[in-house]
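S.K.: One structure, pasted below without further comment.
Each value in this text was obtained by applying a stated rule to the coordinates, not by laboratory testing. As the structure is a computational prediction, the values presented were derived from the model and not from experiment. Neighbour counts run over all protein chains shown; Cβ positions are idealised from the backbone, glycine included.
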Amino acid sequence: PPLDEILNLHDFEAIARAVMPEKGWAYYSSAADDEITHRENHLAYHRIWFRPRILRDVAKVDWSTTILGQKSSMPVYITATALGKLGHPDGELNLTRAAGKFGVIQMIPTLASCSFDELVDAALEGQTQFMQLYVNKDRAITKRIVQHAEARGIKGLFITVDAPQLGRREKDMRMKFEDTGSAVQNETGEKVNKNEGAARAISSFIDPGLSWKDIPWFQSITKMPIILKGVQCWEDAVMAAEAGLQGVVLSNHGGRQLDFARSGIEILVEVVSALRERNLFPNPNFQIFVDGGVRRATDVLKAIALGATAVGVGRPFIYAYSAYGQEGVERCISILNDEFEMNMRLIGAPTIKDVVPAMVDASSIAVH
Ligand code: FNR
């Protein structure tokens, strides 16, 4: 269908499934084990309801915000998703170009199909980009990647901490077996033998030995804000704040890692409560992000109300370019803009600062 008949972010998924290469669909859509966490990610938002305010003069509404000190046209960023060319020949460039046009921040993945420099070069003057980091067992390689990113103007380093080993994504594994017989391509492109156990082999370069002891080293090699991506409980969020990091992403990797991990929005409630008790929240120097299953501006507004600075959106953007290229991503952002305008009016919040905890009823998400 023509793009103007696409009315919401769910639509892109249905169309991508029908039109994109099967291998790409398997990689993008798959999640760990029985995909329970993947489903829960979006469903968790259904348990939170609004408490709108009236007569607030919402003639003008403004949903622009600041993320890690950088301007963003909305409280949403494009999160890191690997292997962009499985969906479209221009891969992640579709995201960079659309993000630049609309003032949205893109997080560049370590395992992008396009080269890092290609994606930085494609950014407009003043366009903000973040970087997602998988930490290599060889720290010299990681140091080079991080310092190169900083030199190229990257404004935030998101270290993925939920993937010491890649999860089993069976839809994707089956596809790879069919394609390559006994040899499976791992995410860095090297051929591995499936008999060694594909999940283990695929994650071979990522260091499962990464620990809190490494944090001071990261802080010593870069001045970029450092954020841990994949925090799943308040204890680790408190440790991150106490370690002097600049934030956490409450995320289960789009349901692709530990099945039965909780959704980010559910984790947010306990994290904010624990940080508040310790006078660590609110704190402009320690920001909380959430990702997983965000498909509507209402989902975003719920997370903002509960204390998130911004949320990451993954699959909708990659489905959008898999089906329509850069224009699909632009349409995706425009739809979110329309949804923000209407829903900010309907909840009675002229600006993002007005989206406060009392605007939601999250009583079904208990703090333990
Ligand atoms: C991801 N994600 C991810 N995260 C990361 O830290 N490094 C990576 O390389 C990838 N790669 C990746 C590939 C694909 C195809 C998907 C779908 C996801 C996880 C991603 O950053 C984010 O946590 C989730 O995608 C958010 O969930 P939604 O928006 O996709 O539901």
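S.K.: With a 10 Å Cβ neighbour count serving as the proxy for reagent exposure, in which order, fewest first, do 332, 114, 233 appear?
M.R.: By the 10 Å Cβ count, ascending: 233, 114, 332.
S.K.: May I ask you to evaluate 6.51 cos²θ - 1.76 cosθ + 1.60, the Karplus curve with θ = phi - 60°, for each residue of segment 153-168 and list the ³J(HN,Hα) values in order in whole Hz, giving x for glycine and proline?
M.R.: Rounded to whole hertz, the list is x, 5, 9, x, 10, 9, 8, 6, 10, 10, 9, x, 8, 5, x, 7.
S.K.: Something else: May I ask you to evaluate 6.51 cos²θ - 1.76 cosθ + 1.60, the Karplus curve with θ = phi - 60°, for each residue of segment 103-114 and list the ³J(HN,Hα) values in order in whole Hz, giving x for glycine and proline?
M.R.: In residue order, the calculated couplings are x, 9, 8, 10, 9, 7, x, 4, 9, 5, 6, 7 Hz.
S.K.: Would you order 20, 173 from fewest to most other beta-carbon atoms within 10 Å of each residue's own beta-carbon?
M.R.: 173, 20
S.K.: Exceeding 31 Å between C-alpha atoms, which entries from my cross-link table qualify? They are 60/302; 155/213; 137/353; 85/137.
M.R.: Distance filter (> 31 Å) returns 137/353.
S.K.: Using a Gaussian network model of the chain whose springs link C-alpha atoms within less than 10 Å, name the residue from 326, 219, 246 with the highest mean-square fluctuation.
M.R.: 219
S.K.: In the Gaussian network model of the chain, springs joining C-alpha atoms below 10 Å, which of 265, 78, 48 carries the largest mean-square fluctuation?
M.R.: 48
S.K.: Need one number: % antiparallel among DSSP beta bridges in the chain, to the nearest 5.
M.R.: 25
S.K.: Sort largest first and round to whole Å: the equivalent ellipsoid semi-axes of segment 90-139, each the square root of five times a Cα gyration tensor eigenvalue.
M.R.: Sorted largest first and rounded, they come to 21, 11, 9 Å.
S.K.: Shifting gears a bit: Take the Cα atoms of the chain, find their three principal axes, and give me the spread along each one in whole Å, biggest first.
M.R.: 64, 51, 42
S.K.: For 107, 239, what ranking results if the residue with the fewest other Cβ atoms within 10 Å of its Cβ goes first?
M.R.: 239, 107
S.K.: Here is a further query. Let me make sure I get this right: for segment 11-102, a, b and c are the square roots of the gyration tensor eigenvalues over alpha carbons, sorted descending. Under 1.5 in a/c it's rounded, otherwise prolate if a/b > b/c, else oblate. Which is it?
M.R.: Oblate, since a/c reaches 1.5 and b/c is not below a/b.
S.K.: Quick one: what do you get for segment 250-333 if you divide its Cα Rg by 2.2 N^0.38 Å?
M.R.: It is 1.24.
S.K.: Here's a follow-up. Over what distance in Å are the Cα centres of segment 3-57 and segment 303-368 separated?
M.R.: 12
S.K.: If you don't mind, another one. Report the label-to-label distance for residue 125 and residue 212 in nanometres (one decimal), using points 7 Å from each Cα along the Cα→Cβ vector.
M.R.: Spacing of the two 7 Å Cα→Cβ label points: 4.6 nm.
S.K.: log10 I(q)/I(0), Debye, Cα-only segment 224-368, no solvent, q = 0.13, 0.21 Å⁻¹?
M.R.: The Debye formula, applied to the Cα set alone, gives -0.61, -1.33.
S.K.: Amide H neighbours of residue 77 under 5 Å, at least 5 residues apart or on other chains, H built in the peptide plane: list them.
M.R.: Close amide H contacts, sequence-distant or interchain: 311, 312, 313.
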